[in-house]
Structure formats: C-alpha cells, structure tokens
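K.L.:
Below is the structure I would like to discuss, written out as structure tokens.
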C-alpha cells in the first residue's frame, strides 16, 4: 500500500473540473467495452453456478452490485484540481512515478500511466502547473486523493 504524501494540503484544496468522467469519446468506448466484458463474465459465471442462485432476487443482487461498481469507477475518474506548495513539486513527481506514471514525451509537466494505449483512458493524465509559489495539480480523483 502506497502512503500519501506528507503534505495534506493537496487533498484539502480539491475542486472538480468536470462532471464528466470521460475525457473524450474513446474513453467512453473503453469504459463501455470493459463494462460489457465484465457483465458478460458475471452473467456466464452465474449461469455456470446457477444452482447457487436462488431465483430473481439473486439476479437483482448481481445487477445492483455491478451497477454500484460501475458508478464507483465513474466517480473515481472525475477530473479534479488541487493546490500544493511549489516546494512539494519533486515529492509529487516522485509519488506519481511510484504509482506507475511517467513523463509524457510530447508535453512538459504532463504525466501518463504506463501501459498499453488501448487499455488506458486518454483522460487519465496528470498536469502540474505553477502559479507563483503554488503548484496546481490536475488529474483523476482516484489518483489526486492519494497524493
């Protein structure tokens, strides 16, 4: 389990940039494909073990549990921005690298997760911008809250 940064300032100054968890149409497609594959896996797994399911109530439970999981993922991917001291910049970069992010070769102060492009959300990047002695950190909620 990775520890949060020593400075709690970043998480106290969060605000939501966008209420859409999808950065573009491709992100929606990746999410939809993942959701359909997972739903099919649950359905076929439930069919194999159908003797363990006790009628329609069990199927409703599977459906409601799946919806709760999908909604949690959507909320976790909302874009947020937080402020930190400029002095914490190197510590934040180290934390991003520890969490599997790497500098984007195309843009400075932008960090992307490591992995195959087809599996990653386009909006799953982090941007660091300076404003005086403040550092503005923008990214998905699930990651920014851990910094």
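K.L.:
Quickly run through segment 16-54 and pick out the residues that are under 13 Å from residue 123 (Cβ atoms) and modelled with pLDDT of 80 or more.
P.N.:
24, 25, 26, 27, 28, 29, 30, 31
K.L.:
Name the helices (runs of 4 or more DSSP H) wholly within segment 55-147 that hold at least 2 residues that are at pLDDT 80 or above and crowded, with 18+ Cβ neighbours inside 10 Å? Spell out the reasoning first.
P.N.:
Details: elements: 56-76, 89-98, 141-144.
Answer list for segment 55-147: 89-98, 141-144.
K.L.:
Pairs, please: C-beta under 7 Å, at least 6 apart or cross-chain, first residue within 24 Å of residue 77 (Cβ to Cβ) and in segment 31-50, second in a helix (DSSP H, G or I)?
P.N.:
35/70; 39/66; 42/62; 42/66
The values are calculated or read from the model by the stated rules, or taken from the named source; none is laboratory data. Please read all numbers here as calculations on a predicted model, not as lab measurements. Cβ: placed from backbone, ideal geometry, glycine included. Neighbour counts: every protein chain shown.
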